[in-house]
Amino acid sequence: MDPNEVPEGDRGSQGFERSPRLKFVPPPELPTPEYATLQERAKALAIDALVWLAGAVPLAILFGGISSSNGLFWIKFSGPPILMATVLWLVYMTLMEARYGASIGKRARGLRVVMEDGEQVTAEAALIRNLMRFLDAFPYVVPYLVGAVAISNSPKLQRWGDRTSETIVVVAVPASSEPIR
């Protein structure tokens with residue numbers, strides 16, 4: 001029997017003719033995202049650390065942590081400026097990721113934070129993932145050792161903050177795509 005053949009009317013159809021069968025076309029496969037490597041994420045974090053430093057230095061100066069002696073210029077970092085700069089940096093990271101999907105460092109490296117389903121990251125997820133940096137950055141003498149181990153042992157290259165907030169860091173512009181001329 002031909003699948004496109006229209007069967008003859010039967011007694012139960014009462015004069016209605018059946019249309020030929022439709023061929024099923026499966027939907028196209030969704031492209032799998034290209035996860036950001038540990039090296040690319042580290043480079044983006046280094047750029048974002050410079051943003052932190054740009055906030056910490058003026059705060060240290062504001063709190064009287066500047067001096068010079070013997071021709072040398074010193075900036076002393078104490079607890080309050082470091083704490084304030086860290087809080088401001090977490091706010092900056094959360095707002096940039098919630099609004100634009102990437103911080104300055106991630107944008108410079110061509111990375112983007114998205115939800116695991118590919119949607120734009122929510123403000124709540126961005127806040128959770130950035131608050132979890134305190135765990136990922138441990139031990140502080142070897143910064144982000146816990147985060148690096150978590151990324152290395154994750155199939156989606158997620159640190160603990162990403163796993164908790166259900167986000168992933170992906171390459172925004174895949175290396176295989178050709179530049180537009």
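Listed residues Pro28, Pro20, Pro7; which is open to solvent by less than 90 Å² (accessible area, probe 1.4 Å) and modelled with pLDDT of 60 or more? The match here is Pro20. Considering only residues that are assigned to a helix (DSSP H, G or I) and surrounded by 14 or more Cβ atoms within 10 Å (Cβ to Cβ), which ones fall in region 54-85? Gly55, Ala56, Val57, Leu59, Ala60, Pro81, Ile82, Met84, Ala85, listed by residue number. When the residues of region 121-138 are filtered to those that are at pLDDT below 95 and open to solvent by 100 Å² or more (accessible area, probe 1.4 Å), the one that is nearest to the chain's Cα centre (by Cα) is Phe134. Among the residues examined, Lys106 does not qualify as over 16 Å from Leu45 (Cα atoms) and basic (Lys, Arg).
The condition of being at pLDDT 95 or above and either touching a Leu at 6+ places or on another chain (Cβ under 6 Å) or closer than 30 Å to Gly64 by Cα (or both) holds for only one of Met84, Met93, that being Met93.
Of all residues in region 86-118, those that are under 11 Å from the mean Cα position of the chain (by Cα), open to solvent by 40 Å² or more (accessible area, probe 1.4 Å) and charged (D, E, K, R) total 3.
The values are calculated or read from the model by the stated rules, or taken from the named source; none is laboratory data. The shown structure was predicted, so the numbers you read here are calculated from the model rather than taken from an experiment. With ideal geometry, Cβ positions are generated from the backbone for all residues, glycine too; neighbour counts draw on all protein chains shown. SASA here: full protein model, heavy atoms, side chains in, ligands and nucleic acids out. Shrake-Rupley method; radii C 1.70, N 1.55, O 1.52, S 1.80 Å.
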